[in-house]
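Take a look at the structure set out below.
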Amino acid sequence: MKKYHVLIADDDPSVHIILDRVCKIMDWTVDHATTGEEALKLISEKLHHIYILDVKMPGPAGVELARIILKEQEAPAILILTGYAEIKQAVEAMKEGVFDYIQKDSLRVAELQKILKHAAMFHENRLWSFQIRKDREKTFNNIDLANKQFQAILELSSDLIFIFNSKTGKMIDCNASACRYLDYSHNELLTFQMSDICVDFSQSEWNEIIQRGLINRQIVIEKSLKTKDGATVLVEMSLAFVYLDSEGYITAIARDISERKRMELKSREYYDQQQKTLTQTIEMMALAFEKRDIYTAGHQLRVAQLAEKIGRKLTLSNQRIEGLYLGGLIHDIGKISIPTDILNKPGRITDEELELIKTHSQIGYDIVKEIKFPWPISEMIIQHHEKLDGSGYPNNLCGDDILLEAKILCVSDVVEAMASHRPYRPALGLEKALDEISSKKSTLYDPDVVETCLCIFRDDEFKFQ
């Protein structure tokens, strides 16, 4: 990895301390200057890749130093350190070739690392561009021939290429593809502004693009372009911002993405249909269970409803909540292999019968594991009786080894089972169920899930149907 050399010029010692720390984290070497004169001496003695210059300090300050560096070096990445009052001055310096500015009141390590990485990338890109230009000049012997060759490449491009004046928005050039695609002559297009060829394009949007371009230098937008006969075509437009002789230009390269969007829509429709089919599959499995055992089927539905409510309260994504609800609908699907006379036995069950009932988690997993759900349904099923301390079944999982959805189903399962009537016992009541999960919070049950569940019932946000 390349080791970059950095020059920091600022009269504030605290700025040097934090920037030096960041550069050392990145394993970069640093030189320090506290005045413009010291900075000039270091600039003349040693080549630096990145310069961080204070906009105000004794001697030549940031912008003046930047002009000197840009005049003498091919690919410097210059960052201007500025207070809020000098931001406008820093932005003007960016038009002359300064890479970016850093506000002194927001010197944070993570953000500084990100800015410096971008500055290093900017330096490498400029080196690459200069090398290409030198190679062109060497190959074609003179810059005029190189420009003609570059112009020929532009004309051969199938992409639509436009060049606009960033201040006025007026088009100053375009390639043949743009003329053919929009069905205008070259001279006709040169009378247009960007708003003349873009659908629903306002002055405020143009101003926003200019502001973003000052910071990012390159942005990508999607717009619909208007052809001469009134038709529209959706394009992805890459905008690159350059400044030459204090004049700003925007090069816009547009590519038709209509077909891509159609394919994305078709893919989305196919995905939605697959989701619908899978959802119907789960609902049919739950319905089949209901025909066999109405107590278990009703239990699964109520657990799914409570789990969904907890998931929403925990701000899970809609995708995860959908999977959680569907997992709840069939979390006991494995009980289809357990004789109903054991499941609904009115008296105390034997140890052997209990062990048989415990197999339902594994059996349920085996039933659905080959179905390609977009949600971890099979894992929810096999884990919904696991406990935080490892005392659950079938695999004695602990803590973070248990899926969050399974932890939610576990709590929902306990609350519903205790609060509801069963053939083998009367309902124990909601209060006892909530006491159970509260007393064993953090030992058996996930504390966040328990607190969320308690809050839902305490605030009367949910009732079992």
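Relative to the longest principal axis of the Cα atoms of the chain, the long axis of helix 62-72 lies at roughly 70 degrees.
For segment 332-402, a simple Cβ point-charge model (Lys and Arg +1, Asp and Glu -1, everything else neutral) yields a dipole of about 220 debye relative to the Cα centre. Each Lys and Arg Cβ is given +1 and each Asp and Glu Cβ -1; about its Cα centre, the chain then shows a dipole of about 520 debye. Across the cross-link table entries LYS407/LYS432; LYS387/LYS463; LYS117/LYS261; LYS104/LYS170; LYS266/LYS335, which are compared at the Cα atoms, the separations over 29 Å belong to LYS117/LYS261; LYS104/LYS170; LYS266/LYS335.
Once backbone amide H atoms are built at 1.01 Å from N, GLY248 has SER166, LYS167 as its partners under 5 Å, excluding neighbours fewer than 5 places away on the same chain.
The antiparallel fraction among DSSP beta bridges confined to the chain stands at about 65%.
With θ taken as phi - 60° and the Karplus curve 6.51 cos²θ - 1.76 cosθ + 1.60 applied, the whole-hertz 3J(HN,Hα) list for segment 337-351 is 8, 8, x, 5, 5, 7, 4, 10, 4, x, x, 5, 8, 7, 4 Hz, x standing for glycine and proline. First select every other residue whose beta carbon is under 14 angstrom from the beta carbon of ASP20; then total the charges, Lys and Arg +1, Asp and Glu -1. Taking every other residue near ASP20 into account, the sum is -2. Legend: P(r) of segment 157-259 from all alpha carbon pair distances, 10 Å bins from 0, whole percents, reading 15, 54, 28, 3, 0.
How far is helix 430-439 tilted, in degrees, relative to the longest principal axis of the Cα atoms in the chain, given as a value from 0 to 90 rounded to the nearest 10? That works out to roughly 60 degrees.
For SER442 and GLU355, the FRET efficiency from 1/(1 + (r/R0)^6), where r spans their Cβ atoms and R0 equals 30 Å, is about 0.60.
Gap in Å between the Cα centre of segment 318-387 and the Cα centre of segment 175-215? Computed from Cα coordinates, the inter-centre distance equals 60 Å. Where only DSSP H runs of four or more residues are counted, the chain gives -17000 deg cm²/dmol as its mean residue ellipticity at 222 nm, each run worth -39500 (n - 2.57). Between the listed residues ASN187, ILE78, TYR249, the Cα displaced farthest toward the positive end of the dipole of the chain, a dipole computed from Cβ unit charges relative to the Cα centre, is found at ASN187. Only one residue of ILE25, GLY327, CYS398 has its Cα farthest out toward the positive end of the dipole of the chain, where Lys and Arg carry +1 and Asp and Glu -1 on Cβ, and that residue is GLY327. Counting charges near LEU354 (Lys, Arg +1; Asp, Glu -1) among other residues having Cβ under 12 Å from its Cβ returns a value of -1.
By how many degrees, 0 to 90 and rounded to 10, does the Cα axis of helix 36-45 deviate from the longest principal axis of the chain? For 36-45 against the chain, the angle is about 90 degrees.
Share of the chain's accessible area from carbon and sulfur, percent, 1.4 Å? Using a 1.4 Å probe with all protein chains present, the chain comes out at 53 percent carbon and sulfur. Modelled spin labels at ASP366 and ALA417, positioned 7 Å past Cα toward Cβ, are 2.1 nm from each other. Per residue, segment 381-429 exposes 37 Å² of accessible surface when a 1.4 Å probe is rolled over the protein heavy atoms with every protein chain present. When the Cα positions of GLY298, TYR271, LEU388 are compared along the charge dipole of segment 256-407, TYR271 comes out farthest toward the positive end, with charges on each C-beta of Lys, Arg, Asp and Glu. Near ILE80, the amide H atoms lying under 5 Å from its own belong to LEU53, ASP100, TYR101, ILE102; only residues 5 or more places off or on other chains count, and H is placed 1.01 Å from N. Peptide packing: for 71-81, 327-337, 49-59, 197-207, the average count of neighbouring Cβ atoms within 10 Å per residue gives the ranking 327-337, 49-59, 71-81, 197-207, highest mean first. Sequence-ordered 3J(HN,Hα) estimates for segment 401-409 from the Karplus curve with 6.51, -1.76 and 1.60 and θ = phi - 60° stand at 6, 9, 4, 4, 4, 5, 5, 5, 5 Hz, glycine and proline given as x.
The values are calculated or read from the model by the stated rules, or taken from the named source; none is laboratory data. Model, not experiment: these values are computed from the prediction. No Cβ is skipped: glycine too gets one built from the backbone with ideal geometry, and neighbour counts run over all protein chains shown. Protein only, heavy atoms only, side chains kept; ligands, DNA and RNA dropped before computing areas. Shrake-Rupley method; radii C 1.70, N 1.55, O 1.52, S 1.80 Å.
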